[in-house]
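Working notes for the structure below.
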Amino acid sequence: MSSNELPDEVISYIHKTPGMQPIRKPFDSENLHAAIDTAFKDNRRDDSQLSNLAGLQVLIVDDSRVARRHMQSILTRLGFAHFAMAGDGIEAVEQLKQTRFDLVVTDYNMPNMNGHELIVHVRQQSSRSDIPIIMCTTEFDPGKLAEVYQLGVSAICNKSFEIELVRNIVIRLFH
């Protein structure tokens with residue numbers, strides 16, 4: 001079926017949908033390359049907004065080693081290079097006393113001192129009460145999350161810690 005046989009609504013949808021680019025037959029490699037470039041140009045990011053992240057110190061706080069590594073991997077892909085890890089809020093408080101961090105990424109549900117308590121400590125008792133804090137959690141209780149926002153968490157995202165969402169949060173926090 002050629003594009004001439006498609007209804008106008010379908011053609012309009014194709015042209016408006018990011019990542020979709022119709023190719024008219026017959027086509028050669030030059031047409032194919034041009035269509036691919038056009039289809040993906042909107043998905044290419046100007047990561048110059050993220051170029052200043054390499055020197056920043058990040059503290060990742062989660063009782064799951066797998067989750068900490070996943071968060072570190074995503075943050076590394078965005079340009080961060082210096083990380084410290086803590087398994088709970090108590091470990092995080094000790095690290096915060098020793099190192100000047102530029103970002104804290106924390107889970108909500110942890111043993112000993114949870115993310116809520118860690119945020120209370122950072123915002124009310126630490127010398128760096130202004131440090132950006134991203135909460136990465138599976139917690140879904142709206143009341144608990146509203147309390148965290150009231151305490152001054154910078155952003156909340158789910159444990160999937162998807163790179164596009166994290167990129168947008170980081171740009172908002174550091175640009």
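The values are calculated or read from the model by the stated rules, or taken from the named source; none is laboratory data. Remember, it's a predicted structure, so these values are computed and weren't measured experimentally. For neighbour counting, all protein chains shown are included, and Cβ atoms are generated from backbone atoms with ideal geometry for every residue, glycine included.
Okay, here's what the table says:
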read-out	value
Any hit, the range 135-142, residues being of a type in the set (A, V, I, L, M), crowded, with 16+ Cβ neighbours inside 10 Å and over 16 Å from Leu50 (Cα atoms)	yes
Which numbered condition Ile156 fails, given (1) β-branched (Val, Ile, Thr); (2) buried (at least 20 other Cβ atoms within 10 Å of the Cβ); (3) under 15 Å from the mean Cα position of the chain (by Cα)	(2)
Odd one out for Gln49 among (1) modelled with pLDDT of 95 or more; (2) within 21 Å of the chain's Cα centre (by Cα)	(1)
Selection within the range 62-81 - surrounded by 17 or more Cβ atoms within 10 Å (Cβ to Cβ) and more than 15 Å from the chain's Cα centre (by Cα)	Asp62, Asp63
Thr106 vs. criteria in contact with a strand residue (DSSP E or B) (Cβ under 8 Å, 6 or more places away or on another chain) and farther than 11 Å from Leu59 by Cβ	no
